[in-house]
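Beneath this line is the structure, given in structure tokens, with notes to follow.
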Amino acid sequence: MTSSRTEPKYTVPGLSVQDGAKVIELLRLRLHALNDLSLTLKHIHWNVVGPHFIAIHEMLDPQVDQVRAMADDTAERVSALGGVPVGTPGALVAERTWDDYDVGRADAIAHLGALDLVYTGVGESHRAALAEVGKFDPVTEDLLIGQLRSLEKFQWFVRAHLESSGGDLATAGAHTENEAARSAHQDGAR
């Protein structure tokens, strides 16, 4: 069995094997983040309740589909670079650098508050990977830019529910998903 973390024996034309290995390593966590995000979105889809249930329930399915497609594109890029994409739950849990989503059954505003922080984390880590990859692989850079464009749009959809008419976010200053859920819920109850 071949390890997923060994240097590839080949990569795409125009990249050195060493640079290909760097890109593969950066994409490895992006793949985990996207797989985790698609599962988190589905979890919220199944556990959202309250007066805004149907709006949020239906808003999330297209996001799930697009995030799954992003994960597929990321995995295929890893393969094209000569790497081994690993999409198993065990690898995701063992290698991720973030905590599991921890909001269960909750109203729409609480879940959206927590989801805002999830999108912030995924977006920030995508930007960090983009900055590194942009130094030597414009094809992967383009892939990540397209994904980031969609992820930021999805976060805008979420934030539209959390923003006051004065432009303040109910989740401002929250550091955990539970804090964000409580802040959004308290602000939404006013």
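The values are calculated or read from the model by the stated rules, or taken from the named source; none is laboratory data. Worth saying up front: this structure is predicted, and the values here are computed from it rather than measured. Cβ sites come from the backbone with ideal geometry, for glycine too, and all protein chains shown count toward neighbours. Protein only, heavy atoms only, side chains kept; ligands, DNA and RNA dropped before computing areas. Shrake-Rupley method; radii C 1.70, N 1.55, O 1.52, S 1.80 Å.
How much accessible surface area, in Å² rounded to 10, belongs to the heavy atoms of ARG127 with a 1.4 Å probe? Here the residue's solvent-accessible area equals roughly 130 Å².
As a calculated quantity, the FRET efficiency between LYS153 and SER125 at R0 = 22 Å, using C-beta atoms, amounts to about 0.80.
Estimated at 0.36 nm per residue, the fully extended path between PHE136 and ALA91 surpasses their Cα-Cα distance by 13.5 nm. The modelled label-to-label distance between LYS9 and ASP61, using points 7 Å beyond Cα along the C-beta direction, is 4.5 nm.
A cut-off of 5 Å between modelled amide H atoms, ignoring neighbours fewer than 5 places along the same chain, links ASP107 with VAL49.
Between ALA172 and LYS42, the modelled labels are 3.7 nm apart [label points 7 Å from Cα along Cα→Cβ].
Over the stretch 109-190, accessible surface divided per residue gives 51 Å², non-protein components excluded, 1.4 Å probe. For the chain, what % of the accessible area comes from carbon and sulfur atoms, probe 1.4 Å? Here it works out to 53 percent. Based on the convex hull around the alpha carbon atoms, the stretch 146-190 presents an average projected area of 3.5 nm².
Radius of gyration (Cα atoms) of the stretch 27-160, expressed as a multiple of 2.2 N^0.38 Å: 1.06. Of the residues TYR119, LEU37, VAL23, the one whose Cα sits farthest toward the positive end of the charge dipole of the chain, with +1 on the Cβ of Lys and Arg and -1 on the Cβ of Asp and Glu, is VAL23.
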